[in-house]
Structure formats: structure tokens, C-alpha cells
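Undergrad: I'd like to ask you about the structure that follows.
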Amino acid sequence: MDQTHSAPKVLVTGGAGYIGSHAVLELLAAGYRVVVLDNLSNSSAESLRRVTELTGKPAPLVVGDIRDRGLVTDLLAREQVQAVIHFAGLKAVGESVEQPLAYYDNNVNGTIILLECLAAAGVRALVFSSSATVYGDPQQVPVPVDAPLGPTNPYGQTKAMIEQILGDLAISDPRWALGILRYFNPVGAHPSGRIGEDPRGIPNNLMPYVSQVAVGRLAELAVFGGDYPTPDGTGVRDYIHVVDLARGHVAALARVLARPGKFTVNLGTGRGHSVLEIAHAFEKASGRRVPYRVVGRRPGDIAQCYADASSARQLLDWQAELGLAAMCADAWRWQSDNPQGYGEAS
Ligand code: NAD
Ligand code: UFG
């Protein structure tokens, strides 16, 4: 795509966050213009400064909330975007159980307000960050995109509700172009080591936890359950490199810009890896030890979940290219080059 002012401009909500910042980088590399709206509740503006450093292109940030109707309306009037990639949301499963109203308000209400502002501005192309968590405990693996939904926590409920809202919206007005992307387990970082995942406090998720053990910030990995019906007894997930995931958004954007209608795809590699496989692959990539201890299962966890990603191949001509070795090597480069995340820079 050319670099002139005729290149489409995209609003990226939550674009300062982990996946959003990688997507902004890939969008800029593909020739799109961007404007980011992020309230920085779980991120730092430093991520976007580094995206500009890496791409040599502007990644302007508006600090604000998707629930701020006036701000979103003004932004849309000023920026004249053709499409939106909607990452903004709260994403911690445990926190969602403790604070359900905050999750329903931020994720569901926030999305409704954003959609109302978009409709009023005549912007009807949107790509939405959903999650494999909408499947709950899947009845079959690999999980087909038409598998029944059954989220088991308020966070997952918000994703399923938003999917429902987008489905009803598409029926109400066929001009909408809506892409629903169900991510499996995003991990890794940009290969430059300049941007990556920067969780606040002690990480909930496996890969950032393992990274912090390898770098010496945490003592050992607690493996949640060694008695699952999986090859080595530990949980199996479909880990997907965040750069592959970001490229999936570029493909989804091209589709919503090209044609109306709604589509839903799984974004995963189609391969499952166990907790112990991750710990061992990370040791290999980092040259550090990852001491671990098997403890009891984490409440709410499932044995295994990996994607049937054939719908993404068919609809988006996209498939994951990067394997576990690259995921661990890139996560390690980010962690070892930035042991405090964006902490010192932001
Ligand atoms: P993240 O927390 O790093 O990014 C989300 C961003 O949204 C943050 O920068 C945060 O400050 C911003 N934000 C939150 N609420 C906002 C609001 N009301 N207004 C404006 N900005 C707001 O998380 P991430 O891992 O990059 O996830 C991005 C999206 O992908 C989320 O919607 C998440 O639910 C979804 N998702 C993530 C995963 C995962 O494992 N990381 C898996 C499946 C789906
Ligand atoms: N695990 C450990 N120890 C840890 C952390 C995780 O053994 O300290 C295990 C879990 O039990 C699980 C696997 O590592 O078997 C992966 O756990 P994560 O927390 O990294 O990921 P989940 O699959 O549990 O959940 C993630 C996101 C959810 C999202 C879901 C599906 O946290 O938000 O993927 O996309 F919904």
C-alpha cells in the first residue's frame, strides 16, 4: 500500500497495550495510517514511542476512554478514519470474577458506546478482539469456529455478549463490516526486543511468568496441575506468536475494508503445547533454568484447548508462521533487554 494521504486511516482502541502495539507496528509497516485511543489503564505510552522508533512512522495517541462519548465523537470527526480495530478492554479472568460490574461496564458498555459513535460518524468497519475463552471447556479439540459457546467467567461473558451484539448489528444494517477474531494464547514479543508484554504486578499468564522466573525476578514456576488427561499431565494450550496475531489483524482489516458482512475466525496455530513443554522450550531459548513445582489445579482451568484455524486460512488467507522456539526466543529478548518492562522508560 502506498504511503500517501490516501492510505486508509484506522482507529486502534487499546493500541498502547500488548497486542495493540504489535498490531499498530504491523499496520504501519503495511502502509496504513493509525490513530490510537487508549486510557493507559493497563499500558504505557512508551510502547507507541518505540513503535515509531521501529517504523519511522507516527503512531499518534489520544489518551482517553472508549466510554467517553464526547471524546470519541470529536476524535471521529477530526480524524476521518475508515475502520476501527477494537482492542480496548479489561482482560484478567480472576479480576473479572471479583469485579464483574467493572468488566461489563468497560467491555460491554464501552463497546456499545463506541459502536454508537461509529454509527453516528458513518464508520461501519470494525475488527474485534474476542477470545477462545468464549468456548469455555471445549467439547472437541481442535476447536472448530462453530463450536458451541459456554464462557465460564464474567470476562468470557463480556466477549460472548459483544459477539452477540455485533451479530445483531450486522443483521440490523447490512452496511456493517464486522470481523470477530477469537485469539488463542498470545505470547512472545517483537523480534527487536523493543516492545512486548508488560503485565502489572505478578503475571497471571504462563509465558510472562516463565520469563520472569528465567530472568530471576520470580523464584519458581508453580505448574497448576499435573493430573490432567494430557500427554504429560499438564494443561495444553495453543500459543500463538503476537507478531503472527498482529498480522492476522492486518488481514482482517483488509477484509472489512473490502466488503460488508460479519465473519468470525479462530486465530491460533492449531498446535497444542503443555506447560512443561513451554518451560523446557524457554530454558532452551534463554539458556537459563526455569525451576518449577507441580501444585494443585487452578480453579476454572481446562485440560486442553487448541484451534481449528481453517476459517482464518479460508477467509483471510492467513496462517501462523512462527513456532514455539521463536515465541520463547522473542519473549526472552524482550524480558532480558527490559527486565522492568516499560517501567523505567515510561
Ligand atoms: P492489554 O491490557 O495490554 O491491552 C488493552 C488496552 O486497552 C490497554 O492498553 C488498556 O489501557 C486499554 N483499555 C482498557 N480499557 C479501556 C477503555 N475503557 N478505554 C480505552 N482504553 C482502554 O491487553 P492485550 O493482551 O493487548 O489484549 C487486547 C485485547 O485482546 C483485549 O480486548 C483482550 O481481552 C483481548 N484478548 C487478549 C488475550 C491475551 O491473552 N492477551 C487473549 C484473547 C483476547
Ligand atoms: N499455568 C501454570 N502456571 C502459571 C500460569 C499458568 O501452570 O503460573 C498454566 C495454566 O494452568 C494453563 C496454561 O499454563 O494450563 C496457560 O495458562 P494462561 O493463564 O497463560 O492462559 P489460559 O489459557 O488460562 O487463559 C488465557 C487468557 C485468557 C483467555 C484464554 C483464551 O488468560 O484471558 O487464554 O484465550 F481467555
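Undergrad: HN-Hα J couplings of the range 222-229 from phi, Karplus 6.51/-1.76/1.60, θ = phi - 60°, integer Hz, Gly and Pro as x?
TA: 8, 8, 7, x, x, 10, 6, x
Undergrad: Then there's this: Show me, bin by bin at 5 Å from 0, the whole-percent P(r) of the range 1-63 based on Cα pairs.
TA: Whole-percent P(r) values from 0 Å outward: 4, 22, 34, 24, 11, 4, 1.
Undergrad: Tell me the angle of helix 275-286 to the major Cα principal axis of the chain, expressed in degrees between 0 and 90 and rounded to the nearest ten.
TA: 90
Undergrad: So what's the projected area for the range 78-140, the Cα convex hull averaged over all directions, in nm²?
TA: 5.6
Undergrad: Let me ask something else. Helix 69-79 sits at what angle to the longest principal axis of the chain, using alpha carbons and giving 0 to 90 degrees rounded to 10?
TA: 70
Undergrad: Now, a different point. For the range 171-248 and the range 104-160, write down the distance between their C-alpha centroids in whole Å.
TA: So the separation of the two Cα centres works out to 18 Å.
Undergrad: Once you have all Cα-Cα distances for the chain, histogram them in 20 Å bins from zero and send the whole-percent values.
TA: Spelled out per bin, shortest first, that is 31, 61, 8.
Undergrad: If you don't mind, another one. Around LYS159, under 11 Å between beta carbons, what's the net of Lys plus Arg minus Asp minus Glu among the other residues?
TA: Within the 11 Å Cβ shell, the charges total +1.
Undergrad: May I ask you to evaluate 6.51 cos²θ - 1.76 cosθ + 1.60, the Karplus curve with θ = phi - 60°, for each residue of the range 319-336 and list the ³J(HN,Hα) values in order in whole Hz, giving x for glycine and proline?
TA: Using θ = phi - 60°, the values come out as 8, 5, 10, 9, x, 4, 4, 5, 4, 6, 4, 6, 5, 5, 4, 4, 5, 6 Hz.
Undergrad: How about LYS262: which aspartates and glutamates have a C-alpha closer than 17 Å to its C-alpha, ignoring those fewer than 8 places off in the same chain?
TA: In chain and number order, the partners are ASP146, GLU163, ASP168, ASP173, ASP317.
Undergrad: Cross-link candidates for LYS284: which aspartates and glutamates have Cα within less than 16 Å, leaving aside residues fewer than 8 places away along the same chain?
TA: ASP330
Undergrad: What would the Debye equation give as log₁₀ I(q)/I(0) for the range 190-346 at q = 0.11, 0.12, 0.13, 0.20 Å⁻¹, counting only Cα atoms as equal point scatterers?
TA: Rounded to two decimals, the profile gives -0.50, -0.59, -0.68, -1.27.
Undergrad: Please give the calculated 222 nm ellipticity per residue for the chain, where each DSSP H segment of at least 4 residues contributes -39500 (n - 2.57) and the sum is spread over every residue; nearest 500 deg cm²/dmol?
TA: Taken over the chain, the calculation gives -11500 deg cm²/dmol.
Undergrad: When only alpha-carbon atoms are used, what values of Rg and Dmax, in angstrom, describe the range 1-152?
TA: Spelled out, the Cα radius of gyration and Dmax of the range 1-152 are 16.5, 48 Å.
Undergrad: Run the reach check for LYS91 against lysines, Cα to Cα strictly under 19 Å, same-chain hits fewer than 8 apart removed. What comes back?
TA: LYS159
Undergrad: Additional query: Please determine, in degrees from 0 to 90 and to the nearest 10, the orientation of helix 242-258 with respect to the longest principal axis defined by the Cα atoms of the chain, where the helix direction is its Cα long axis.
TA: The angle comes out near 20 degrees.
Just so you know, all these numbers are worked out from the coordinates, no wet-lab data involved. Just so you know, these numbers come straight off a predicted model, no measurement behind them. Because the Cβ atoms are built from the backbone with ideal geometry, glycine has one as well, and the counts that use them run over all protein chains shown.
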